[in-house]
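The values are calculated or read from the model by the stated rules, or taken from the named source; none is laboratory data. A quick note: this is a predicted structure, and the numbers were derived from the prediction, not measured. A quick note on method: Cβ atoms are made from the backbone with ideal geometry, for glycine too, and the neighbour counts reach across all protein chains shown. Quick note on the areas: whole protein, heavy atoms, side chains included, nothing else; ligands and nucleic acids left out. Shrake-Rupley method; radii C 1.70, N 1.55, O 1.52, S 1.80 Å.
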Number of protein chains: 2
Amino acid sequence: MENPESQELEVVLANEGFYRAFESLNIREMEQVWATDRAVKCVHPGWELRSGWPDVRDSWVSIFNNTRKIKFEVSQVDTVINQAFAWVTCTEHVTAVMDGEAQTFQILATNLYLKRESRWLMVHHHGSPVLGRLPVEKGPA
Amino acid sequence: MENPESQELEVVLANEGFYRAFESLNIREMEQVWATDRAVKCVHPGWELRSGWPDVRDSWVSIFNNTRKIKFEVSQVDTVINQAFAWVTCTEHVTAVMDGEAQTFQILATNLYLKRESRWLMVHHHGSPVLGRLPVEKGPA
């Protein structure tokens, strides 16, 4: 049984690995960090759910094909581990060149990892844009 | 040890319970379905992360105060259970009267539940708007 600190470090490193794979814009790098089975899912900001590795993989290929360069600064990384399951939330500060235009934006992400044969593999990524407020919100509560 | 089918049914019922609590627009109902501790988190569509029950609770109070009526049809419910941890994705078809105006929209949700003393309690809700396409996407992949 590993100690909790080393488990958490493993998950934090897996989460960093996901963003390095994203920055690489290389589908083979991205494939390394996912569980690549039927149970995996992915929600890109504003997109519909992608379910199962082939469909999730296609979504990454589509993003990589339309992105010339992307950099992530990831903050507020919070990790909860329950047995072989890890739940991570973080804020992505993204700088990207997409469709020939430089953009910066913030994304809130929920990332789930499953430990298999001593490796933490991504099983779910849910990213959503931070717009500052929801239509129903009058202001900060 | 419970059988997998009854575990899954429990989680599906917990997820339905969350949407019934949301429809009630009553913070006491919502409080019943959450783990109400420091580890819970919530991302409402477009909002920043709310962390810890007091902050998550405030966000619900803010939404409930600005919503006169809300109804959910929930589809594509998919459940993965790993020990005492459950990960649910679903599509919310929402009809709401907010700020005096009727609206319909779709939200993609990632809902996480933890089993405590035989009850599945929500520990994380991440909802994001389905916009149809992401700025970087050229079209369906």
I'd like to know if the range B:32-45 contains one or more residues that are farther than 30 Å from A:Lys115 by Cα and either of a type in the set (A, V, I, L, M, F, W, C) or free of Cβ contacts under 8 Å to residues at least 60 places away in the same chain (or both). yes
Selected residue (only one of B:Ser24, B:Ser51 is without any contact (Cβ under 8 Å) to a residue 24 or more places away in the chain and under 26 Å from A:His93 (Cβ atoms)): B:Ser51
Matching residues in the range A:34-54 (open to solvent by less than 50 Å² (accessible area, probe 1.4 Å), under 18 Å from A:Ala84 (Cβ atoms) and either outside any loop (DSSP other than H, G, I, E, B) or in contact with a helix residue (DSSP H, G or I) (Cβ under 7 Å, 6 or more places away or on another chain) (or both)) number 4
Over the range A:15-30, the set of residues more than 25 Å from B:His125 (Cβ to Cβ) and open to solvent by less than 60 Å² (accessible area, probe 1.4 Å) is A:Gly17, A:Ala21, A:Glu23, A:Ser24, A:Leu25, A:Asn26, A:Ile27, A:Met30
Count of the range A:110-130 residues which are outside any strand (DSSP E or B) and over 16 Å from the mean Cα position of the chain (by Cα): 2
Selection from the range A:43-60 of residues touching a Lys or Arg at 6+ places or on another chain (Cβ under 8 Å) and more than 10 Å from chain B (Cβ to nearest Cβ) yields A:Gly52, A:Trp53, A:Val56
Identify all residues within the range A:110-131 that are open to solvent by less than 10 Å² (accessible area, probe 1.4 Å), hydrophobic (A, V, I, L, M, F, W, C) and at the interface with chain B (Cβ under 7 Å from one of its Cβ atoms); write none if there are none. A:Leu112
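Taking B:Val12 as the residue in question, decide whether it is in contact with a Phe, Trp or Tyr (Cβ under 9 Å, 6 or more places away or on another chain), surrounded by 14 or more Cβ atoms within 10 Å (Cβ to Cβ) and not small (Gly, Ala, Ser).
Numbers: in contact with a Phe, Trp or Tyr (Cβ under 9 Å, 6 or more places away or on another chain): no; surrounded by 14 or more Cβ atoms within 10 Å (Cβ to Cβ): yes; not small (Gly, Ala, Ser): yes.
Against the criterion (in contact with a Phe, Trp or Tyr (Cβ under 9 Å, 6 or more places away or on another chain), surrounded by 14 or more Cβ atoms within 10 Å (Cβ to Cβ) and not small (Gly, Ala, Ser)), B:Val12 does not qualify.
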When only residues in the range B:61-109 that are small (Gly, Ala, Ser) and not in a strand (DSSP E or B) count, which is farthest from the other protein chains (Cβ to nearest Cβ)? B:Gly100
Please work out which residue is nearest to B:Gln106 (Cα to Cα), limiting yourself to the range B:1-33 and to residues that are of a type outside the set (A, V, I, L, M) and not in a helix (DSSP H, G or I). B:Asn26
Filter the range B:75-103 for residues that are within 26 Å of A:Val40 (Cβ to Cβ) and open to solvent by 50 Å² or more (accessible area, probe 1.4 Å); the one that is farthest from the chain's Cα centre (by Cα) is B:Gln83
